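Input: a single structure, listed below in structure tokens.
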Amino acid sequence: MDVEALKKEAGEAACAYVRSGMKVGLGTGSTVKYTILELGRRVREEGLDIVGVPTSIATKTLAVEVGIPLADLDDLPGLDVVIDGTDEFDPSFQLIKGGGAALLREKVVAQASKRMVVVADDRKRVDVLGAFPLPIEITPFSHNTTRRSIESVLECKVVMREDSGVLLQTDNGNLIADAHTGASITDPEATETALLALAGVVQVGLFNNMCDVVVLASSSGVKTLEKKV
Ligand code: 5RP
């Protein structure tokens with residue numbers, strides 16, 4: 001089965017976590033895109049009554065296109081569920097996110113949600129986080145100083161993310177530094193705390209203790225993995 005088919009299976013299966021009346025965080029990326037397309041179809045064709053909160057400008061554009069009614073997080077008391085993709089998840093359901101540069105809004109929305117459902121294919125499952133370079137959102141001001149400080153803290157190469165030869169700017173006007181730690185993040189909570197202590201760091205792409213469910217697609221079908229409590 002090709003990867004795109006797996007993404008579609010996982011993305012669509014996660015719609016099982018959404019019912020009429022819910023306020024739903026809409027994640028960012030090429031897997032959760034299939035969730036958003038299917039939710040839009042159910043809104044248009046089946047009368048599914050939901051309000052969505054997008055985690056990026058790209059997701060907002062897609063949600064509007066497919067007809068999902070949207071609201072500002074500030075105008076809601078909280079969200080029932082957020083469905084989002086991931087770049088890696090470990091056996092404790094700690095995540096690396098931010099491959100699509102949307103980690104700050106994704107984390108704000110995840111923290112406002114009662115439940116986080118992650119959609120993934122089995123390439124995202126790892127024993128130890130870090131083979132995927134860890135995305136870190138940093139301020140444009142003195143970004144090379146912050147980048148070097150991150151290198152000292154993590155003892156690895158840190159590369160500023162570019163898009164067509166220029167520094168990539170996030171939806172929040174910040175930059176992304178990708179830390180090439182290798183698969184060595186054995187204590188993601190300590191790593192997040194150490195990075196957040198740097199003044200130029202806005203947010204870290206480690207999503208610790210947030211994910212409750214992984215909807216995982218592989219060539220043997222879709223499995224729902226629930227976090228062990
Ligand atoms: C965006 C993210 C994405 O959810 C993550 O990169 C996974 O994306 P995809 O489903 O395209 O692999 O964190 O900031």
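The table below gives the values:
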{"quantity": "Semi-axis lengths, Å, the range 134-205, gyration tensor of Cα atoms, sqrt of 5 times eigenvalues", "calculated": "19, 13, 11"}
{"quantity": "Placed amide H near G98: partners under 5 Å, 5+ positions off or other chain", "calculated": "D87"}
{"quantity": "Förster radius 45 Å - calculated FRET efficiency between I57 and D127, Cβ distance, rounded to 0.05", "calculated": "0.85"}
{"quantity": "HN-Hα J in Hz across the range 127-143 - Karplus 6.51, -1.76, 1.60, θ = phi - 60°, x for Gly and Pro", "calculated": "7, 10, 5, x, 4, 7, x, 6, x, 10, 7, 10, 6, x, 4, 6, 5"}
{"quantity": "Percent of beta bridges antiparallel (DSSP, the chain, rounded to nearest 5)", "calculated": "60 percent"}
{"quantity": "Set of lysines near K8 by C-alpha distance (under 25 Å), chain-local residues within fewer than 8 positions excluded", "calculated": "K23, K33, K60, K97, K107, K114, K124, K223, K227"}
{"quantity": "Heavy-atom accessible area per residue - the chain, 1.4 Å, Å²", "calculated": "45 Å²"}
{"quantity": "Integer Hz, Karplus 6.51/-1.76/1.60 couplings in order for the range 170-180, x for Gly and Pro", "calculated": "7, 4, 9, x, 9, 10, 10, 9, 9, 9, 8"}
{"quantity": "Residue-averaged 222 nm ellipticity for the chain, from DSSP H runs of 4+ at -39500 (n - 2.57), nearest 500", "calculated": "-8500 deg cm²/dmol"}
{"quantity": "Alpha carbon convex hull of the chain, projected area averaged over orientations, nm²", "calculated": "12.7 nm²"}
{"quantity": "With every protein chain in place, the chain: carbon and sulfur % of accessible area (1.4 Å)", "calculated": "50 percent"}
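The values are calculated or read from the model by the stated rules, or taken from the named source; none is laboratory data. Since the structure is predicted, the reported quantities are computational estimates derived from the model, not experimental observations. A quick note on method: Cβ atoms are made from the backbone with ideal geometry, for glycine too, and the neighbour counts reach across all protein chains shown. SASA here: full protein model, heavy atoms, side chains in, ligands and nucleic acids out. Shrake-Rupley method; radii C 1.70, N 1.55, O 1.52, S 1.80 Å.
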